[in-house]
1. Name the shape class, rounded, prolate or oblate, that the alpha-carbon gyration tensor gives for region 36-115, where a ≥ b ≥ c are the square roots of its eigenvalues, rounded holds for a/c under 1.5, and otherwise prolate holds if a/b is larger than b/c and oblate otherwise.
2. Would you list VAL48, VAL36 from fewest to most Cβ contacts within 10 Å?
3. Would you work out the relative contact order for region 96-158, in percent, from Cα pairs under 8 angstrom that are 6 or more residues apart?
4. Which ³J(HN,Hα) values in Hz, rounded to whole numbers, follow from the phi angles of region 87-98 under the Karplus curve 6.51 cos²θ - 1.76 cosθ + 1.60, where θ = phi - 60° and Gly and Pro get x?
5. If contacts are Cα pairs under 8 angstrom and at least 6 residues apart, what is the relative contact order of the chain in percent?
6. With a ≥ b ≥ c the root eigenvalues of the C-alpha gyration tensor of region 25-158, is it rounded (a/c under 1.5), prolate (a/b larger than b/c) or oblate?
7. Angle check, please: helix 136-157 long axis (alpha carbons) against the longest principal axis of the chain (alpha carbons), in degrees 0 to 90, nearest 10.
8. Which shape class applies to region 6-62: rounded if a/c is under 1.5, otherwise prolate when a/b exceeds b/c and oblate if not, where a ≥ b ≥ c are the square roots of the Cα gyration tensor eigenvalues?
Amino acid sequence: MKEEEKIGQILKAKHLTIATTESCTGGLLSSKLTDVSGSSDYVKLNFVTYCNEAKHNILGVSNQTLSKFGAVSQECSIEMAQGLHNITGADICVSTTGTAGPSGAEGKPAGVMFSTICGLGQQVSFEVNLPSNTPRIKMKEQFAEAVLKKLEKFLEKI
């Protein structure tokens, strides 16, 4: 069984909703979650907030965070997930931000991603580092898979 199917089963069984906001994964995470039949029972809303302006205007990521740490940072990832929760009220909110290559951004090499999963009084943030020569499409796929695995573990603990 695929990770997204396991996640769907857990969300349904626990009567939870989920929302995502993605940058470097460009909607791939939300696509995987909605590939599961019946996902409309638990997927509340998904955003692709690719540029800094969207992160700030839609999610409320502070300009100070963006200028001090950059969009490719744990700090930005946390503010993205928390802002998403404020907007949607979803039980579980997930953010992704990073550099999928082929070149880096904000002084960080390609292959760096930060993600935050928050909800029900819990929060976990993590970093994924892939080889910078990984092809962009493959990198996005591996980022999304890493988030799905972490999300499943997060859900099993709550």
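1. Taking the square roots of the gyration eigenvalues as a ≥ b ≥ c, region 36-115 is oblate.
2. Ranked by crowding around the Cβ, least crowded first: VAL48, VAL36.
3. For region 96-158, the relative contact order is 29 percent.
4. 6, 9, x, 5, 5, 10, 10, 10, 10, 9, 8, x
5. Relative contact order comes out at 24 percent.
6. oblate
7. The two axes meet at around 40 degrees.
8. Cα axes put region 6-62 in the prolate bin.
We did not get these values from a lab; they are worked out from the coordinates using the rules stated. This structure is a prediction, so every number in the text was calculated from the model and none was measured. So basically every Cβ, Gly included, is an ideal-geometry build from the backbone, and we count neighbours across all protein chains shown.
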